[in-house]
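Encoded as structure tokens, the structure appears first; notes follow it.
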């Protein structure tokens, strides 16, 4: 009982600290647009993000989300679906881990998944467990459940679950399809794997040779995609990005070599081949051949399955390696150091050394092996010192909500990279195995329970907070009546406000340009709109990954309105001419609008939309201007 209770309590604490809900934020705003366009098709369907086609055509998520919005409104709908997706993801992870491991190790593996950030891609653009609403987590949960069914030889349930995942998010489900191919075809028949690899290579290369005009990006579209979505190209990844990849691949490779169970080894092998194959396919099809279908498929995203599997298998791998024999301990120490370093050149070195140690250590004499153990211990000690020092120097507490207690901000800051939670999991694992560890395990359970109770108020506040309550939406009814359906609204501080509060299309924003890779027509239309504003606003403000989003002066806003390329302007700035309407602004209307996105609708990291503020620090009143002719017309 205690062996199950402690990992569950640790999971709850780590989930609260590392994966707290962030509301209608990042990609959740574009998924909300897709759902709202079904409620208000006459207006929002004209938004440039949706007008020429979008991913909404390939998912059942939007109608589901729309139904929840009808019942509970956008805030509650997003919170409930996010919570359900996270719970489903951890449940799927448990089923997968339990299909290959003993219950205790499976629970510890789920705790590791809850503890780590789980991010991948350049600039940490994606994460396995997300803090806002997307269909990605639900699709991941179904994929994990499908793999668990496949390991138990339940073929039809596995295929059914994978099909459901594809209906929610085809790009995430593709990783599951690749993994099932590995389980059913490549693992039992390695020669078939070689044939599949050759066929995939021929298909990819043939696409570029036989129909280059249809299958490849033209120069203009490619330039726009490179400028706006550089994270799609592996050649732009940094050493930190590859460090995270190396830790995942090394963990899975060690699992294939060292885990005792056939199912566990098969799972690691499938995840390893899927992750490595996705990276290889991305490099060939996207970086080298510039194929549209490969770039849109984004097979490098299949890393999510590798990360989740590596996390679930990590306790079992370390337990297997940490036997009273020097060679196994070397691998365990180096792998632990790689996880603690996380995402830098040191993690890359530690990961490669861990894989090398599984085969090379047998060539050393016992006396030499002893020195290698000391070296691995020194590297692990260096990783611990480096991680603690980094967390002390580069604390994130200053970027968290100030209404949180300082101890909680510090706890979140130290837990965000997963190192401290992994230490707690390691302690729990040691206490479970130690002869007199039951007393310590009880103490750890009490500490975890106390932490969960202490975090409960803030957790409740996060999940129940409403950014856009019905009364706030009702306040904008006169504005909606004054703006014709389908009219283009330029709200540079918050395009999401144009969608949710006004039910009107947004003229242009970095958020809308995030889907530039999925439609050439959309890409060219966004460029055209940006060029229309270039006399007052640089196009890079909307089309560049490096831009944090437009920070416009009064002169720029006035100049953009005088161009009369959009119909209405919403801003907190006083343009010096009479507005159509004025309203006291809420910080929630403007907070975290178009930039700082993650995922397929990604924007530059660290960017956030901040509204104009008055000298007193309060938000200026919102003003509505008509720009069809001249803002001074006031009509």
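The values are calculated or read from the model by the stated rules, or taken from the named source; none is laboratory data. Since we're looking at a predicted model, the values are computed, not measured. Neighbour counts are summed over all protein chains in view; Cβ atoms, including those assigned to glycine, are modelled from backbone coordinates with ideal geometry.
Okay, here's what the table says:
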{"read-out": "Residue under evaluation residue 70, criteria (1) within 30 Å of residue 263 (Cα to Cα); (2) over 15 Å from the mean Cα position of the chain (by Cα), criterion not met", "value": "(1)"}
{"read-out": "In region 496-526, the residues that are under 12 Å from residue 33 (Cβ atoms) and part of a helix (DSSP H, G or I)", "value": "496, 497, 498, 499, 500, 512, 514, 515"}
{"read-out": "Boolean, residue 485 is buried (at least 19 other Cβ atoms within 10 Å of the Cβ) and in the same structural domain as residue 509 (by TED's automatic domain parsing)", "value": "no"}
{"read-out": "Residue in region 84-101 that is in contact (Cβ under 8 Å) with a residue 24 or more places away in the chain, within 25 Å of residue 310 (Cβ to Cβ) and outside any helix (DSSP H, G or I) present", "value": "yes"}
{"read-out": "Of residues in region 77-127 being within 30 Å of residue 431 (Cα to Cα) and in contact with a strand residue (DSSP E or B) (Cβ under 8 Å, 6 or more places away or on another chain), the one surrounded by the most Cβ atoms within 10 Å (Cβ to Cβ)", "value": "118"}
{"read-out": "Residue within region 128-140 that is within 17 Å of residue 422 (Cβ to Cβ) and not in a loop (DSSP other than H, G, I, E, B) present", "value": "no"}
{"read-out": "Given (1) part of a loop (DSSP other than H, G, I, E, B); (2) in contact with a helix residue (DSSP H, G or I) (Cβ under 9 Å, 6 or more places away or on another chain); (3) at pLDDT below 50, index of the condition residue 617 fails", "value": "(2)"}
{"read-out": "Candidates 513, 519, filtered to the one that is crowded, with 24+ Cβ neighbours inside 10 Å and within 25 Å of the chain's Cα centre (by Cα)", "value": "513"}
{"read-out": "Subset of region 400-446 (residues that are assigned to a helix (DSSP H, G or I) and more than 23 Å from residue 319 (Cβ to Cβ))", "value": "406, 407, 408, 409, 410, 411, 412, 413, 414, 415, 446"}
{"read-out": "Helices (runs of 4 or more DSSP H) (entirely within region 286-346) containing at least 3 residues that are closer than 19 Å to residue 115 by Cα and in the same structural domain as residue 219 (by TED's automatic domain parsing)", "value": "303-321"}
{"read-out": "Residue match in region 483-495 (condition: within 27 Å of the chain's Cα centre (by Cα) and in a helix (DSSP H, G or I))", "value": "yes"}
{"read-out": "Residue 381 vs. criteria out of contact with any strand residue (DSSP E or B) (no Cβ under 9 Å at 6 or more places or on another chain), without any contact (Cβ under 8 Å) to a residue 12 or more places away in the chain and in a helix (DSSP H, G or I)", "value": "yes"}
{"read-out": "Selection within region 46-58 - outside any helix (DSSP H, G or I) and either out of contact with any helix residue (DSSP H, G or I) (no Cβ under 8 Å at 6 or more places or on another chain) or within 14 Å of residue 30 (Cα to Cα) (or both)", "value": "46, 47, 53, 54"}
{"read-out": "Qualifying residue in region 94-117 (condition: over 30 Å from residue 246 (Cβ atoms) and under 14 Å from the mean Cα position of the chain (by Cα))", "value": "no"}
{"read-out": "Candidates 74, 63, filtered to the one that is part of a helix (DSSP H, G or I), crowded, with 22+ Cβ neighbours inside 10 Å and at pLDDT 90 or above", "value": "74"}
{"read-out": "Criterion violated by residue 260 - all others in (1) in the same structural domain as residue 96 (by TED's automatic domain parsing); (2) touching a residue at least 24 places away in the same chain (Cβ under 8 Å); (3) assigned to a helix (DSSP H, G or I) satisfied", "value": "(3)"}
{"read-out": "Qualifying residue in region 351-359 (condition: modelled with pLDDT under 90 and surrounded by 16 or more Cβ atoms within 10 Å (Cβ to Cβ))", "value": "yes"}
{"read-out": "Flag for residue 564 being at pLDDT below 95, on the phi > 0 side of the Ramachandran plot and not assigned by TED's automatic domain parsing to the domain that holds residue 298", "value": "yes"}
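Okay, residues lined up against (1) more than 17 Å from residue 120 (Cα to Cα); (2) touching a helix residue (DSSP H, G or I) at 6+ places or on another chain (Cβ under 7 Å); (3) at pLDDT 90 or above; (4) surrounded by fewer than 21 Cβ atoms within 10 Å (Cβ to Cβ):
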{"residue": "274", "(1), (2), (3), (4)": "no, yes, yes, no"}
{"residue": "278", "(1), (2), (3), (4)": "no, yes, yes, no"}
{"residue": "313", "(1), (2), (3), (4)": "yes, yes, yes, no"}
{"residue": "324", "(1), (2), (3), (4)": "yes, no, no, yes"}
{"residue": "349", "(1), (2), (3), (4)": "yes, no, yes, yes"}
